[in-house]
Each structure stands twice: as C-alpha cells, then as structure tokens.
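Enquirer: Here you go, one structure.
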Amino acid sequence: MQLINFKEANCKNCYRCVRACPVKAIRFQDHQAIIDDSRCIACGQCFLACPQNARDVQSDLPKLKKAFFQRKTVVALIAPSFSGFYRNKGGFIHGLKKLGFSKIVEVSSGADEVTAAYEKYISETKPEYAISSCCPTVNLIIRRYYEELTDYLIPVISPMMATGKAVKAENPDDYTVFISPCLSKKCEPLTFGNEGVIDAVISMEEISILFQQMDLDPEMLSPYEPDVSGRASGKKYPLKGGISEGIEAALNKNGYDRLHVEGISQVKEVLEELKSGMLKPAFLELNACHESCISGPCVPKKAISTFQRKQLVKSHVKEGWQGETGELSYEGIDLSTSYVKCPIKRNQYSEEEIVMTLARMGKRKPKDELDCGACGYDSCREKARAVLDGMSDVEMCMPFMRTRAEHMSDIIFYNSPNMIFVLDEDLCILQINPSAEMTFNTKASEFKNFPIQILLDHSGFEEVRRTRINALSRRVAYKEFGLIVMQSIIFLPKDNQILVIMSDITEEENRRDELQLMKENTIAITNKVIEKQMRVAHEIASLLGETTAETKIALNKLKDLVQEEGN
C-alpha cells in the first residue's frame, strides 16, 4: 500500500523533489513525479521542497471519524513533542477530549520503557556501535541503503509501539491513534510485526484541521491533564541528545562516545563513516529531521516557530503537570524486535552503456558533463544510471533541453526561406536571418541596433508596438525592392520584442497579374470572334434569302407551265 505520492494535476516537472530526495526514490513517468515505494525512506523532504504542494498523503482521518461515529473507546497517543505546538498544552488535551477522544496518553510513558530497554541492551551486549531505533526514516535508510549497518540498530521497538502495546494489553478493543508531526510514523504500524498495535496515525497538521472544523481553539480552552504521562526522561525524547541523557550512566560505564546527528544529509554522512570504520565505539542518536522530533514534514503551516517549540518542550520536561496522572503497566510487554535487511537492488552497468546514455543527453565529451544538479542528481553519470534504471528521463537534463531548444530555434531561424527580423521595443533591429539579408541585399551586422525604418518604411511596425496587437498575414509591397510579401508582425510580451516574418509572394503576384492580363486578352479575342461570326451568319442568311426567293419564282413558273400544257 502506497501511503505517500504526488498529485498528478499539480506536478510541474520542476524536479525540486528529486533534488531534495536523499535517496533518489522519485521516478518520472509521462512527465509525472512518482514516489517509488520500494526505495522511499518516508523522510518527507520531497513534500517540503515541492512548490506546488502536490503531496498526496493517505489520511487516517476518515478512519478516525468512523471510530468516533461508532462510539469506540478512542485513545490518543500523543508524541512527546506535542507540548511544543501549543502554549496552552492543557488546552490541547481539552481540545482532544472535545473532539471525542476517550483517553489521552503521553507516549513519553513508552519512551521511559524504551530508555530502560536501551540501557539493558548496551550493558549486556556491548556492541561496537549502538544506533537509536526510534526514527522510522533512519531505520529504513539503514536497512535499505546501509544494510551492513543494520545489526547496529538497537533491537527495541519505538516509544509509539511500546505505548500502543501497553494500551492494547489493558483493553484490546481500544482504538489507538498516534498523533505527531512525523510523516514516517504513518508507515511504521504497517511494517511486518507491528500490525494491529496502532489503529490510526494522525499528524499535527491533520489535528489542527479537525480543530478548525469543530471551531475549537486549544489556546482558549481551559487546561486539562492527560490520563497517562511519563517521566522527564521520556519527555526529553524530542530534544537533541534527549535519548542519550536517559542512558548516560550505561554509556559512561561502557566507554561509549555520544553522537547526536540531525538532518538526513548528516545522517548519511555519519553512516558513511560507520561503514569505513573510522569512528570509535559510540551511541548514535540519529534523527532524520533537523531539531529532531520537534520538526517534521507534517508541522501545521501556522505553527509556533521551531525554536519556540523547543523552549516549550523544555518547559514541559521541567514542569510536567500540576496534578497526578495515571500510569500504564508494561509488565509482560515484549519491547524487543528485529530489523531485517532489505537492501535496494543496485544494477551494474558497463561503461559503454553509461557513455551511450550520456550521449543521448548530449554529453559526448567529458567537458559536456556539467554536473549542475538541476535534474536532481549529483552528477551526469549518476543521472545516466538513473535513466538506465528507469527512474529518470533523458529530457530531465536542463542544459541538454535548453541546448536542443536553442539548436532547433537556430535551425529554423538560419534555414527558413522566410525573411525574419527580430526587433526590440524601440523597433531597432536585433537579428536578421540570412534569407532577409539576401532578399534586402544587406548585412545583419550593418543594421543591428538601427531602427527598422532605415531599411523598411512601413507603418505596421509602429502600429503593433503601440497596440500590442499582432498584424497577421498582411499583403505588403516594398516597391523600392521590387518585392511583395505576406507579412506577419507579432508582439512577444514575455521578451518585449517584435517578431517579423515575411514570405516572398512577388512571383506569385506577378503570375497572378500575367494570368489576369491573359484572361482579359482572351475575353477580347473571344468577343471579336463572336462579332465576326455573327456578321458572317448575317451575310449567309441574306444570301440564302435571295436564293430562296428566286427558286420560288422559278418553281411557280414551272408549275404554271405544266398546268397550261395539261389543259
């Protein structure tokens, strides 16, 4: 099941998501960004980078609303960072109750148990390196991209899972809902072995939407306290170094250094050093987000600033709650787990395949490999491998596409049989193509930056500049050049320039005139022939009339003669 992806309608092919993705888990299909679920580490960096807000995250809000409607016992498991999002932390608890949550449990309770499990594991097994396993993104990047380091992940479940197990142990029918600013927590309950513990994961962003829909402002509500809270050590988990502070005694006793690493780029850096064996024994507290769990991809847009949130969490660690809160029993709860290696298959390509792919991107020489990173990949060769993997397209190379577009434009400009002028906003000549140079017997270099009127006197240029309305397919005669053209004057608003395209129709016009003259001559000759034929016809008719009269007289005389002889 794919939980996160991009909305097709909003994707504009800017490739910022690819540039932001630390593992390049985004492929393009039909010019649409698609997250490859098998490669993704759910860090959310692509969503934060997307300028179109094209993110599409599967929401559990419909499931939560259905649970409320069915009057289930819905238990809110609130991440230790919750206290940083509202100055009135008690008002937030009150707001959750108003939304319909039956019980509010601080996950700092489970964090306390995870701390104890960490301490026990380090003391008993004394691994060379021990990596905290609370961050699902860190776990994923290690299991998929640094599989040789998987055994260094402390085999203990996260505070969320620990708390969820304890709640379910008390009442299996409780509907557990984890609330945090973390995106990758949406994936964790679906991984093998974690099913059935957390029923829904809701982000702080989604909770703020619910508050708005219910017209609730937690800052204005009277303060409530949660049903279950944890100790100070569990409340420190969102703070940098908060985990290691809870196991400080065990780390000191066993001679471990402490490395607190935040941000996915630094996490990758320290993992590379672990691979090389350059680090001495250490406990590594790794968090994918800067400022640890106080931040995250699902922080509400109008949330309190990062460092104010940090101060609020510190205050909660120090002050806690005024009244007594309940506790969860973790007796008999198995906090152990195992992290299985699931390395990404890395295809190996020959140098010939890479060179051929580079050539398709216009990189035929080493100097063509700019490594500009516009496509999202660190080098042209890395991009070529992505193309071979089916993760990228040749067209995603910006310099290549720009060069190809300019090349096509140049081909048209310099080889078109049409005459082409490019004018600036003052009607001064910027470019003249070879066809225009030949037709007007001039050189572009001689007339560059001079007004077009010096060469061609036509009011149409001024009219288009003034009105910014294109004058298309107008027949214009330039008598001084013996030229008749079909002319289009086009205003280019983006560049504030004017494009003039002329097609030479002089020969066609001359042929048309010749044809018209031929038609007129033909008509005149035809009229003369008709007149002559009519005159001949009249003359023939006159002769025929006289002959007929004479024949009649002769026949009548012959008739009379015959009659007389008969008598």
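Where a number appears in this text, it was derived from the coordinates with a stated rule and is not lab data. Since we're looking at a predicted model, the values are computed, not measured. Using ideal geometry, Cβ is built from the backbone for each residue, glycine included, and neighbour counts are taken over all protein chains shown.
Enquirer: With an 8 Å Cα cut-off and a minimum separation of 6 or more residues, compute the relative contact order for the chain in percent.
Expert: On the way: 886 pairs, mean separation 77.9, N = 567.
It rounds to 14 percent for the chain.
Enquirer: Further, regarding this structure: Counting DSSP beta bridges with both partners in the chain, what percentage is antiparallel, nearest 5? Provide the component values of the computation, followed by the final result.
Expert: Working: 31 of 56 bridges.
Given both bridge residues lie in the chain, the antiparallel proportion sits at roughly 55 percent.
Enquirer: Turning to a different aspect of this structure: Report, in degrees rounded to the nearest 10, the 0 to 90 angle that the Cα long axis of helix 380-389 makes with the longest principal axis of the chain.
Expert: Once rounded, one gets 90 degrees.
Enquirer: Please work out how much length the chain gains when fully extended from residue 73 to residue 30, using 0.36 nm per residue of separation minus the C-alpha to C-alpha distance, in nm with one decimal. Before the final figure, lay out the partial values.
Expert: Working: separation 43, 0.36 × 43 = 15.48 nm, distance 4.58 nm.
Difference between extended and current length: 10.9 nm.
Enquirer: For residue 379 and residue 37, FRET efficiency with R0 = 30 Å and r from the beta-carbon atoms, rounded to 0.05? Write down the numbers at each step before the final one.
Expert: On the way: r = 26 Å, r/R0 = 0.85.
Step by step, r from the Cβ atoms, then E = 0.70.
Enquirer: Residues with beta-carbon under 15 Å from that of residue 292, excluding residue 292: net charge, scoring Lys, Arg +1 and Asp, Glu -1?
Expert: Details: positive: 185, 235, 236, 240, 258, 309, 310, 314; negative: 245, 262, 285, 291.
Taking every Cβ under 15 Å from that of residue 292, the sum is +4.
Enquirer: Here's something else I'd like to know. Count charges around residue 369 for me, please; just the other residues with Cβ under 15 Å from its Cβ, Lys/Arg as +1, Asp/Glu as -1.
Expert: Numbers: positive: 360, 363, 364, 365, 367, 381, 383, 385; negative: 351, 368, 371, 378, 382.
Here the count lands on +3.
Enquirer: Another one. Give me the angle, in degrees from 0 to 90, between the Cα long axis of helix 159-170 and the longest principal axis of the Cα atoms of the chain, rounded to the nearest 10.
Expert: Here the helix axis deviates by roughly 70 degrees.
Enquirer: A further question follows. I'd like the distance separating the alpha-carbon centroids of segment 519-534 and segment 318-367, in whole Å.
Expert: That distance is 94 Å.
Enquirer: Give the peptides 230-238, 16-24, 388-396, 521-529 in descending order of average Cβ contacts within 10 Å, highest first.
Expert: Per-residue Cβ counts within 10 Å, averaged per peptide and sorted highest first, yield 230-238, 16-24, 388-396, 521-529.
Enquirer: Test of understanding: what is the full-extension gain from residue 190 to residue 169, defined as 0.36 nm times their sequence separation minus their Cα-Cα distance? Before the final figure, lay out each step's value.
Expert: Details: separation 21, 0.36 × 21 = 7.56 nm, distance 1.91 nm.
Net length gain for the segment: 5.7 nm.
Enquirer: Further, regarding this structure: What is the extension gain from residue 151 to residue 510, computed as 0.36 nm multiplied by their sequence separation minus the C-alpha to C-alpha distance, in nm to one decimal?
Expert: Values: separation 359, 0.36 × 359 = 129.24 nm, distance 8.81 nm.
Roughly 120.4 nm would be gained on extension.
Enquirer: Could I ask something else about it? Across every pair of different alpha-carbon atoms, what Kirkwood hydrodynamic radius in Å does segment 18-92 reach? Walk me through the numbers before you get to the answer.
Expert: Working: mean 1/r = 0.0632 Å⁻¹.
One decimal place: 15.8 Å for the Kirkwood radius.
Enquirer: Another one. Over what distance in Å are the Cα centres of segment 193-233 and segment 430-478 separated?
Expert: 69
Enquirer: Sum -39500 (n - 2.57) across every DSSP H segment of at least 4 residues in the chain, then divide by the residue count to get the 222 nm mean residue ellipticity, nearest 500. Numbers along the way, then the final one.
Expert: On the way: 20 runs with 239 residues, N = 567.
Rounded to the nearest 500, the figure is -13000 deg cm²/dmol.
Enquirer: Sequence gap at least 6, Cα distance under 8 Å: using those rules, report the relative contact order of segment 334-397 to the nearest whole percent.
Expert: Values: 39 pairs, mean separation 17.6, N = 64.
Across segment 334-397, relative contact order equals 28 percent.
Enquirer: Okay, moving on. Can you tell me the 0 to 90 degree angle between the C-alpha axis of helix 306-319 and the longest principal axis of the chain, rounded to 10?
Expert: Tilt relative to the chain: about 20 degrees.
Enquirer: OK, next. Can you return the lysines within cross-link range of residue 519? Criterion is Cα-Cα under 16 Å, with same-chain partners fewer than 8 residues away left out.
Expert: Straight-distance partners of residue 519: 528.
Enquirer: Next up: If you take the beta carbon distance between residue 388 and residue 336 as r and set R0 to 41 Å, what does 1/(1 + (r/R0)^6) give as a FRET efficiency, to the nearest 0.05?
Expert: Working: r = 41 Å, r/R0 = 1.00.
For residue 388 and residue 336, the calculated efficiency is 0.50.
Enquirer: While we're here: Among the listed pairs 24/367; 103/168; 268/341; 24/365; 24/186, which have their C-alpha atoms separated by more than 23 angstrom in this model? The partial results should precede the final answer.
Expert: On the way: 24/367 25 Å; 103/168 13 Å; 268/341 17 Å; 24/365 25 Å; 24/186 20 Å.
Exceeds cut-off: 24/367; 24/365.
Enquirer: Can you pull the Kirkwood radius for segment 21-147, inverse mean 1/r over Cα pairs, to one decimal in Å? Let's see the in-between values first.
Expert: Working: mean 1/r = 0.0540 Å⁻¹.
Mean inverse Cα-Cα distance, inverted, gives 18.5 Å.
Enquirer: Name all residues of segment 91-117 having a backbone nitrogen under 16 Å from the label point set 7 Å from the Cα of residue 65 along its Cα→Cβ direction, giving them as ranges.
Expert: Label zone hits: 99-101.
Enquirer: Moving on to the next point. Given N residues in the chain, what is its alpha carbon radius of gyration divided by 2.2 N^0.38 Å? Can you show the working numbers first?
Expert: Values: Rg = 43.6 Å, N = 567, 2.2 N^0.38 = 24.5 Å.
The chain yields a ratio of 1.78.
Enquirer: Near residue 502, within a Cβ-to-Cβ distance under 12 Å, what is the net charge of the other residues, with Lys and Arg +1 and Asp and Glu -1? Please list the in-between numbers first.
Expert: Working: positive: 474, 475; negative: 504.
Its environment carries a net charge of +1.
Enquirer: What pairs in 89/310; 126/275; 185/345 have C-alpha atoms more than 21 Å from each other?
Expert: Check vs 21 Å cut-off fails for 185/345.
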